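Where a number appears in this text, it was derived from the coordinates with a stated rule and is not lab data. Worth saying up front: this structure is predicted, and the values here are computed from it rather than measured. In this analysis, Cβ positions are derived from the backbone assuming ideal geometry, glycine residues included, and neighbour counts consider all displayed protein chains.
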């Protein structure tokens, strides 16, 4: 994004979101399970360092990554209903991790689980490239993503059906719900080297995304490499979203909700939306995780369930509003 594209409203919104994230991060570090405080007594420092700090950092990175990728994909596809799962990357990563669970490799270390998820996302990207072809046909790209999602969901259901034990099937289901519970520093070090380069690839496509709002032909005539922009966003989303799925499972709808909440405030140019959506996604994810910890004692509600409860009604509202506008 060039400095000239920044507006005072964007600077103000970004500053407010940064302050909100700072406050939410402090609350996340303070609040324990069932709303308990830090309790720096026996073992308190270890709990703070080994549980709360990684959980907060992972929540920031996961939410920010999903918000950023959602804004980029909506700009690329020029489709307000797009989100990181539209290209099959999340489903492919989930299936890769399910395979690791299925064959019992997850017990050997969390890095193998992450490796399976990232390989699944890369496999989905390779299949997407093969199905969509070398041309920049966005309709064909969307259809390919829908097909990959359906295939990954079917294979995941097959693995659950033939799971070697009920416990293995339960582990797979719990992980697929998405959670920040019991995250550790190993997950942070798995997420950083994958999510950061993925986000940088997406940001590198900012000017091309702005040009694509004028249409593919116009963008090409202005000298913007449309095909390069397409694959920068796809490769970046595959790497970054695959990493988030590897670390905390499937967290849905963050990439859908956040861009729509912030777009009226910063405008409709994708380049202006990317940074606010990263911050907004991080804030939404941290707020949802804090709300989970403030719930009464009992089994911890999964983060993916909370974001789905927020996002699904939002999605239906968007569909209905779109239908009403088209009928007018």
Ranked from fewest to most other Cβ atoms within 10 Å of their own Cβ, 175, 30, 231 fall in the order 30, 231, 175
Could you rank the peptides 8-14, 271-277 by their average count of other C-beta atoms within 10 Å per residue, with the highest value first? 271-277, 8-14
Helix axis angle, 8-30 relative to the chain longest principal axis, alpha carbon, degrees: 10
What helix-only [θ] at 222 nm does the chain give? Using -39500 (n - 2.57) per DSSP H run of at least 4, over all residues, to the nearest 500, the answer is -25000 deg cm²/dmol
In what sequence, highest mean first, do 68-78, 310-320 appear when ranked by Cβ atoms within 10 angstrom? 68-78, 310-320
Of the listed peptides 142-153, 115-126, what is their order by residue-averaged count of other C-beta atoms within 10 Å, with the highest listed first? 115-126, 142-153
Would you mind classifying region 137-208 by shape? Square roots of the alpha carbon gyration tensor eigenvalues, ordered a ≥ b ≥ c; an a/c under 1.5 is rounded, otherwise it is prolate if a/b is larger than b/c and oblate if not. oblate
Which of rounded, prolate or oblate describes the chain when judged by the alpha-carbon gyration tensor and an a/c cut-off of 1.5? oblate
